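First comes the structure, then the notes that go with it.
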Amino acid sequence: MRSILGIRIKNYRILKDISLGSIFAPAMSIGQAAGLQSTGEPLTPITVVIGRNGYGKSTLCDALGFIVDCLKSNAEEACLLRGGFDRIISEGADRTLEFQIQYGNLLYTLCIRSDKYNVPFVYAETLSHVASEIGAEGSMNFFVQNGVGKVVRPHAAAEDIRLADTRRLVLATLGNLTDFPDIVAFRKFLDSWYLCYFSPEAARVPPLVSAQRHLSSRGDNLANVIAYWEREHTDLLNDLVNRVFLDVLGIRKIETFAAEDGRLLVRFYERGLTKPFYTSQMSDGTLKLIAYLLLLGDPVPPPLICFEEPENGLYHRLLSVFVDEIRGRTDTAAAAGKKKLAAHSCSPAQFFITTHQPYLVDSLQPNEVWILEKGEDAFAKIRRASDDPIVGNMVREGMPLGALWFSEYLDK
Ligand SMILES: Nc1ncnc2c1ncn2[C@@H]1O[C@H](COP(=O)(O)OP(=O)(O)OP(=O)(O)O)[C@@H](O)[C@H]1O
Ligand SMILES: [Mg+2]
C-alpha cells in the first residue's frame, strides 16, 4: 500500500521548518523526476506527536487541514478560515507557506504567497515521481509557477498549462480529468483525509433521517452513520457491539429509529437494564469512543486519519482499546499480533495523533513517536523518539514508552 513517507511544513505559524519522515529531493525543473535521495527514515503507519503546551501540535494538525481546505475550496478560502494569510505566516518568514508530501514515490509540493492586495494565491505547485518510476504506466508530473507551467505524461511531450484562477490548486483541476489517472488518484487521496474534531454536543443534536457512510469531522452525523451500519454492515455492527461495546462500555445493543418529525434518534441498551437511553442521555466519553470505533471500523476507512488529543474525556484504560483498534487498521496489524482485532478485513489507514497522555504511547514503538520542542528562535523543532539510542535500548528491555516519557526520557 502507498502511504505518506514524509511531510515538510515551512512558515506555517510556529512550524517555521519541520520535517517528519523521508522526503525525496524535489525535481528542479519540469520533466525531471524527483531525486532518489531522501532524508530520514519513512513515517510509520502510526505517527504520534507529543510536546508541551504551545509547541505546535494543534498547528501540525491544522496544517494538514489547511492543505485539504486549499484542495476543497482554494488558497484564499483556506486562509480566510484561519483569519487570513498574515495570521498564518510565521513571523519574519519569507512570506511563502510551503508544504511537501512524500506519498510513496510521489512528491507533491505546494507554495502559497499573498499578492499585492494581500490575496493568497498558489505561487508554485509541483507533483513529481522518483527517477526509478519515471515513464512507468500512469506516472505523470506537473509543475506550475505564477499561474503557468507544464504537465508531462509518460512517453509524451510536455503540455503547457495556464491557470485562469491562481487561488485554485492545479491538483484540483487536473485531478478531475480522467486523462491524468495518477493525478486523479493523488487528488482523491488528499480529498479523503479525515481530521477528527469530535464534539459530543454536536453528536447529541438529532439529525434528519438518512444513512450516511462517513462520519463528519465534528461527528454531528453520528446517528446517520449508525443507521448506515445497521443497513449496510449489520454483521460488523453486531461484531463491534459484542466484541468491544459490551466489554468496555457495557452497551449490549444499539439501534436507530425515525421520530415522527423526521429526526433520527439512537437507542442505547445497557447491560442489566431493559429500557434504552437516548443520545442526549449518553456520556461524552461513551459517545466519543463509539464514534472513534465506528470510524476505525469502516471497511474502507479514510486513508489518513488525524486525531487531536483523542484521550480527552476517555478513561485512561480505554486508551489501549483505542490504540488496539488503530493497530487493526494499519499494515502492521498482523505483525503486531494484537488481540481483539476486528473480525473483518478492511483497507489499511495511516494515523496522525497528538497527545498529552503517556498511557496512549505505552504500546507504541520509538519510531512512531515524535517530540515537538521549541528552539531559541521561538519556533518549533521536531525529533523522533527513536533518534535517542537510550530510549531504543530501554524499550527493547521492556520499558513502555509512556513510562519513559513520564520519567522525562523523551522530553524534559
Ligand atoms: N504566526 C505565528 N508565528 C509563530 N508562532 C505562532 C504563530 N501563531 C501562533 N504561534 C505560536 O504557536 C503556539 C500555538 O501552538 P499550538 O496551538 O499548535 O500548540 P499545542 O502544542 O497544540 O498546545 P496545547 O498542548 O496547549 O494544545 C502559540 O502559543 C504561539 O506561541
Ligand atoms: Mg493543541
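For the range 237-265, what are the residues that are surrounded by 19 or more Cβ atoms within 10 Å (Cβ to Cβ) and either in a helix (DSSP H, G or I) or acidic (Asp, Glu) (or both)?
Residues of the range 237-265 surrounded by 19 or more Cβ atoms within 10 Å (Cβ to Cβ): 237, 240-241, 244-245, 249, 251, 254, 256, 264.
Answer for the range 237-265, where residues must be surrounded by 19 or more Cβ atoms within 10 Å (Cβ to Cβ) and either in a helix (DSSP H, G or I) or acidic (Asp, Glu) (or both): Leu237, Leu240, Val241, Val244, Phe245, Leu249.
Could you look through the range 295-309, keep only residues that are touching a helix residue (DSSP H, G or I) at 6+ places or on another chain (Cβ under 6 Å) and assigned to a strand (DSSP E or B), and pick out the one that is farthest from ligand 1 (Cβ to nearest atom)?
So in the range 295-309, the residues touching a helix residue (DSSP H, G or I) at 6+ places or on another chain (Cβ under 6 Å) come out as 296-297, 303, 306, 308.
Keeping just the survivors that are assigned to a strand (DSSP E or B) gives 306, 308.
Details: Cys306: 13, Glu308: 8 Å.
Per the criteria, the residue is Cys306.
So Leu177 passes all but one of these: (1) assigned to a loop (DSSP other than H, G, I, E, B); (2) surrounded by 14 or more Cβ atoms within 10 Å (Cβ to Cβ). Which condition number does it fail?
Unmet for Leu177, out of (1) assigned to a loop (DSSP other than H, G, I, E, B); (2) surrounded by 14 or more Cβ atoms within 10 Å (Cβ to Cβ): (2).
Give me the strands (runs of 3 or more DSSP E) completely within the range 37-127, filtered to those with at least 3 residues that are of a type outside the set (A, V, I, L, M, F, W, C) and under 16 Å from Arg8 (Cβ atoms), ordered by residue number.
Values: elements: 46-50, 97-103, 106-114.
Where strands (runs of 3 or more DSSP E) fall fully within the range 37-127 and carry at least 3 residues being of a type outside the set (A, V, I, L, M, F, W, C) and under 16 Å from Arg8 (Cβ atoms), they are 97-103.
Using the structure shown, decide if Ala227 is closer than 18 Å to Phe277 by Cα and surrounded by 16 or more Cβ atoms within 10 Å (Cβ to Cβ).
The answer is yes for Ala227.
So, Ile371, is that one modelled with pLDDT of 95 or more, under 16 Å from Gly402 (Cα atoms) and surrounded by 19 or more Cβ atoms within 10 Å (Cβ to Cβ) or not?
Values: modelled with pLDDT of 95 or more: yes; under 16 Å from Gly402 (Cα atoms): yes; surrounded by 19 or more Cβ atoms within 10 Å (Cβ to Cβ): yes.
Judged against the criteria, Ile371 is a match.
Do we find that Ser73 is under 27 Å from the mean Cα position of the chain (by Cα), closer than 19 Å to Leu174 by Cα and at pLDDT 95 or above in this structure? Full working, then the answer.
Working: under 27 Å from the mean Cα position of the chain (by Cα): yes; closer than 19 Å to Leu174 by Cα: yes; at pLDDT 95 or above: yes.
Against the criterion (under 27 Å from the mean Cα position of the chain (by Cα), closer than 19 Å to Leu174 by Cα and at pLDDT 95 or above), Ser73 qualifies.
Pairs please, first residue from the range 246-258 and at positive phi, second anywhere and of a type in the set (Gly, Ala, Ser), Cβ atoms under 9 Å, 6+ apart in sequence or on different chains.
Partner pairs satisfying both residue conditions: Gly250/Gly272.
Could you list, in sequence order, all residues of the range 118-145 that are over 29 Å from the mean Cα position of the chain (by Cα) and modelled with pLDDT of 90 or more?
Quick first cut of the range 118-145, residues over 29 Å from the mean Cα position of the chain (by Cα) only: 118, 135.
The answer is Asn118, and nothing else.
The values are calculated or read from the model by the stated rules, or taken from the named source; none is laboratory data. All figures in this text were calculated on a predicted structure; none of them were measured in a lab. Cβ sites come from the backbone with ideal geometry, for glycine too, and all protein chains shown count toward neighbours.
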